[in-house]
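In what follows, a structure is listed as structure tokens, so that the remarks can point back to it.
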Amino acid sequence: QVQLVESGGGLVQAGGSLRLSCAASGSGFSSASMNWYRQSPGKEREWVAAISSSGWINYADSVKGRFFIWRDNAKNTAFLQMNSLKPEDTAVYYCYYAALGGSRYWGQGTQVTVSS
């Protein structure tokens, strides 16, 4: 069982930045792909960004050029740097761990609120 602990959410003004972290337990982190999703009230959860075990990265069009994902395998942690934040980025952000063996895990979520 993998435990994911997210941190870094908060309240920020439009145009500001936040950095989210997702720390994973266990020894399989370096082989897992890591994703970030978000969910706003009344909306479905949407995918935001992904980084594979080999470092391949992809972003949703809505955040491309503003958000950046990376990972530190030595610290079992994935990060999401969010710049030029907009009110429409307001959501609960979740990290998602896809293990090599097929298991999937979600973080508890962290609230990001962007004021206009």
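The values are calculated or read from the model by the stated rules, or taken from the named source; none is laboratory data. Keep in mind that what you see is a predicted model, and the values were worked out from it rather than measured. Here the Cβ is made from the backbone with ideal geometry for all residues, glycine too, and neighbour counts use every protein chain on show. For accessibility, only protein heavy atoms count, side chains too; no ligands or nucleic acids. Shrake-Rupley method; radii C 1.70, N 1.55, O 1.52, S 1.80 Å.
Structural remarks
- Test: Asp72 is over 12 Å from the mean Cα position of the chain (by Cα) and open to solvent by 60 Å² or more (accessible area, probe 1.4 Å): no
- Test: Ser103 is touching a helix residue (DSSP H, G or I) at 6+ places or on another chain (Cβ under 6 Å), farther than 11 Å from Gly16 by Cβ and either charged (D, E, K, R) or open to solvent by 20 Å² or more (accessible area, probe 1.4 Å) (or both): no
- Test: residue in region 95-103 that is over 24 Å from Ser116 (Cα atoms) and touching an Asp or Glu at 6+ places or on another chain (Cβ under 9 Å): yes
- Strands (runs of 3 or more DSSP E) wholly inside region 2-64 that include at least 1 residues being within 13 Å of Tyr93 (Cα to Cα), in contact (Cβ under 8 Å) with a residue 40 or more places away in the chain and of a type in the set (Val, Ile, Thr): 4-7, 46-51
- Scanning region 26-49 for residues that are of a type in the set (Gly, Ala, Ser), at pLDDT 95 or above and surrounded by fewer than 21 Cβ atoms within 10 Å (Cβ to Cβ) yields Ser30, Ser31, Ser33, Ser40.
- Criterion: of a type in the set (Lys, Arg) and over 14 Å from the mean Cα position of the chain (by Cα) - qualifying residue of Arg38, Arg66, Arg19, Arg104: Arg104
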